[in-house]
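These notes concern the structure reproduced below.
The values are calculated or read from the model by the stated rules, or taken from the named source; none is laboratory data. Computed from a prediction, not measured in an experiment: that's the story for all the values here. Cβ sites come from the backbone with ideal geometry, for glycine too, and all protein chains shown count toward neighbours. Just so you know, the surface numbers come from the protein's heavy atoms only, side chains and all, with ligands and any DNA or RNA stripped out. Shrake-Rupley method; radii C 1.70, N 1.55, O 1.52, S 1.80 Å.
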Amino acid sequence: MVSLLIHFNWNWVDLFTIEDEKDFVKAANPSTYPEDFFLARLWFLSFNCSDSESDCVTWENCPHEASLDWLPGHIFDMTMSGDSYNVYNAVYAVAHALHEILLYQSEVQTIGNRKWRLHPFLKNIEFQNPAGDWVILDDRSKLEAEYDIVNIWNFPEGLDLEVKIGKFSTFALHDHQLSLSEDMVEWAIGTTEAVHSVCSESCGLGFRKSPQEGKAACCFDCTPCTKNEMANGTDMEHCVTCPDNQYANTERNKCLLRVASFLAYGEPLGMALACMALGLSTLTVIVLGVFVKHHNTPIVKANNQALSYILLISLIFCFLCSLLFIGRPNTVTCILQQTTFGVAFTVAVSAVLAKTVTVVLAFKVTSPGRRMRWLLVSGAPNFIILICTLIQVTFCGLWLGTSPPFIDTDTHSEHGHLIILCNKGSLTAFYCVLGYLGSLALASFTMAFVARNLPDTFNEAKFLTFSMLVFCSVWLTFLPVYHSAKGKVMVAVEVFSILASSTGLLGCIFAPKCYIILLRTDRNCLHGFRDKRH
């Protein structure tokens, strides 16, 4: 009997369509539903049921044929509203859930023996209502929604009409979810254009939204993306950082590929430095050839010609090592750059120191009562080069063994360029090598400065003093300029310092001697020096 009743109720619900709902509303009145206070109040206000001569209101005072469809649309709309449609679907959902319970009970044969809860069956209901719409209560398989956008048109006599002016579909493409006919919109009096749904304009490409403190979420400021960040869409919450091999364009709306950059031989700066290095090294070879050719002359023999040869050969390597800094860096050149530079300059500066010590010893030997002849005759000053070079080689070995130089990239110095350079590795080791070289240069300068006033015959102490003054000045200027430069300019500064300091040693020490050897041959003899001395 219960089963038949439920089946009867189910069939009745299936027959109740949206058209039936209109007939039901037309037939509804307070006498049919006396417990509905809202319906009674609507009836009294709409059909003048109240009696001014009596406090007692009876239904006989109302029109007998009164119906809700008499009322104008702005007071009571006969079409099914959104809330009514939800109630309509809710009734069907409960009916379907009861039907599922009934079927389940018949399968397990436990009718009347157990109370079943409605909610577990109701939350998984999925059906198609008589209007042809799918109703799904399961959140995991819920269909995409589609909404109609309506606008209320106002007419005289207080009449209103809802007009569909567009729709919003969540399952459409992102740029086509909203369709709206603005020419069909009836705006308020005095308004001629569409109002904004947010209190801020949309943020365009290259900008991100920044919430305004203390205001609604729709209020925001448009903040431009920072360097190397981009935003390629409107109203983006965050800017996207470009990869290391890319950079953001000036509009900050896309990332572009960086151009690899380094101090190349093909560009004017690299070509000029390379030509200077090759030219100066060739000049040094020529000077060495002149000294070898005139090795028997007094001016070459003065101050130990072997030290002059060592100094000239080391200067050739100093000029050529600057070429390691030009061109695309690789692992080999990065390692050879600093080590070759450190060792070559150590040999050159220690040779200057040995020459200065030789000058001092030569004049000490000529003084009465001095017993330093054995130091000069045994060639002790030559060991200065070996000892100083071994110490520098030890520093370089420790550098390469702990944290050697390696290839690195710089993405910040030049906009749109990926600068390829050599990282020093251990800065402590680099400054140890540079500091040791500076201490040798300072010792050579001090020794030469002390011997500058010795007699001029066979004495080059003044030239050594001036050469070391130029050398120290170049490298003292190099440090602040090097640290303030960036990218390729930093490498160019280091190359220029190498060339300038080496040129200072070559010019100040050997230019006067070449002048006498090539142009003043009359002075390149003992007789000439004696005449000058007297």
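Among the residues making up the stretch 304-325, those that are open to solvent by less than 20 Å² (accessible area, probe 1.4 Å) and at pLDDT below 90 are Leu307, Ser308.
Tell me, please, whether a residue that is assigned to a helix (DSSP H, G or I), out of contact with any Phe, Trp or Tyr (no Cβ under 7 Å at 6 or more places or on another chain) and open to solvent by 50 Å² or more (accessible area, probe 1.4 Å) can be found in the stretch 409-422. Scanning the stretch 409-422, I find no residue that is assigned to a helix (DSSP H, G or I), out of contact with any Phe, Trp or Tyr (no Cβ under 7 Å at 6 or more places or on another chain) and open to solvent by 50 Å² or more (accessible area, probe 1.4 Å), so the answer is no.
Residues in the stretch 282-298 that are open to solvent by less than 80 Å² (accessible area, probe 1.4 Å), farther than 22 Å from Thr503 by Cα and either among the hydroxyl-bearing types (Ser, Thr, Tyr) or free of Cβ contacts under 8 Å to residues at least 40 places away in the same chain (or both): His295, Thr297.
In the stretch 480-498, the residue that is most open to solvent (accessible area, probe 1.4 Å) out of those that are touching a Phe, Trp or Tyr at 6+ places or on another chain (Cβ under 7 Å) and at pLDDT 85 or above is Met490. With respect to the stated conditions, Thr192 is at pLDDT below 80, open to solvent by 40 Å² or more (accessible area, probe 1.4 Å) and hydroxyl-bearing (Ser, Thr, Tyr).
Among residues of the stretch 256-271 that are under 20 Å from Cys334 (Cα atoms), those with a Cβ under 8 angstrom from a residue that is surrounded by 13 or more Cβ atoms within 10 Å (Cβ to Cβ) and hydroxyl-bearing (Ser, Thr, Tyr), sequence gap 6+ or separate chain, pair up as Met271/Tyr265. Scanning the stretch 30-61 for residues that are assigned to a loop (DSSP other than H, G, I, E, B), within 30 Å of Asn154 (Cβ to Cβ) and at pLDDT 65 or above yields a total of 2. Among the residues of the stretch 379-394, those that are modelled with pLDDT under 90, part of a helix (DSSP H, G or I) and open to solvent by less than 70 Å² (accessible area, probe 1.4 Å) comprise Asn382, Ile384, Ile385.
Here Cys525 fulfils each of the conditions (1) surrounded by fewer than 17 Cβ atoms within 10 Å (Cβ to Cβ); (2) within 18 Å of Val290 (Cβ to Cβ); (3) of a type outside the set (Ser, Thr, Tyr); (4) at pLDDT 85 or above apart from (4). Checked against (1) in a helix (DSSP H, G or I); (2) buried (at least 18 other Cβ atoms within 10 Å of the Cβ), Gly425 passes all but a single condition, namely (1). Among the residues of this structure, Leu173 counts as one that is modelled with pLDDT under 75 and within 56 Å of the chain's Cα centre (by Cα). A count restricted to the stretch 138-167 and to residues that are open to solvent by less than 100 Å² (accessible area, probe 1.4 Å), at pLDDT 75 or above and under 25 Å from Ala90 (Cβ atoms) stands at 5.
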